[in-house]
Amino acid sequence: MFNFKAYMLDCATRLKDIGHTNSVKRFFRCSGIAGLEELLNQQTDVSGRVLVIHNNEEGSVGDMNKADNFLDSPYYVFYVLEKVEDYNDFDAEELAKKNCKTAGFKIIARMIRDKRKGLNGLDFLDFTSIPYQNVGPVGVNFHGVMFSFTVSDGDTRLVYNKEDWS
């Protein structure tokens with residue numbers, strides 16, 4: 001089973017473009033683009049590129065092929081953001097978004113490699129389901145790119161059990 005938070009924390013830690021450590025925080029969680037709680041609480045201390053993940057669950061249930069297969073398809077979202085020091089420096093904002101897209105593509109390349117090798121629960125990563133879009137300014141002038149994807153998984157909670165019902 002895919003563990004989104006653990007996987008993305010590992011990406012933030014191991015990807016040199018981000019370089020998260022316990023002393024240099026560059027990995028954060030949020031409930032959505034409008035509520036970047038962890039990042040906003042530390043934004044004045046943050047520099048460089050960061051990885052932010054949605055910690056709320058969205059998804060769909062069922063087989064996309066209209067069969068009766070029990071599938072849970074969570075919808076995952078992550079942002080690669082970079083703080084731009086000067087407001088209204090459109091060239092710097094554009095460069096930040098370009099750099100963030102490159103870093104995001106490195107994460108996706110790792111995910112595709114892991115899918116091919118059957119690692120980290122990414123066997124059913126839907127590679128065709130990875131849209132992205134530019135975001136920013138967010139917080140204190142962070143700019144970057146939002147990525148989203150799905151990883152379907154069989155879900156044993158979707159089995160009818162008559163003992164659950166009176």
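The values are calculated or read from the model by the stated rules, or taken from the named source; none is laboratory data. Since the model is a prediction, treat every value here as computed from it, not as a measurement. Because the Cβ atoms are built from the backbone with ideal geometry, glycine has one as well, and the counts that use them run over all protein chains shown. Heavy atoms of the whole protein, side chains included, go into the accessibility calculation; ligands, DNA and RNA do not. Shrake-Rupley method; radii C 1.70, N 1.55, O 1.52, S 1.80 Å.
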Meets criteria (open to solvent by less than 70 Å² (accessible area, probe 1.4 Å), assigned to a loop (DSSP other than H, G, I, E, B) and at pLDDT below 90) for S60: no
Does L95 qualify as being assigned to a loop (DSSP other than H, G, I, E, B), out of contact with any Phe, Trp or Tyr (no Cβ under 7 Å at 6 or more places or on another chain) and modelled with pLDDT of 90 or more? no
If T44 passes every condition in (1) more than 19 Å from the chain's Cα centre (by Cα); (2) open to solvent by 20 Å² or more (accessible area, probe 1.4 Å); (3) β-branched (V, I, T); (4) modelled with pLDDT of 90 or more but one, which one does it miss? (4)
Scan the range 94-102 and give yes if some residue there is open to solvent by 10 Å² or more (accessible area, probe 1.4 Å), of a type in the set (D, E) and touching a residue at least 12 places away in the same chain (Cβ under 8 Å), otherwise no. no
Hits in the range 108-147 (condition: open to solvent by less than 20 Å² (accessible area, probe 1.4 Å) and either over 28 Å from Y87 (Cβ atoms) or in a loop (DSSP other than H, G, I, E, B) (or both)): I108, M111, D114, L122, L125, N141
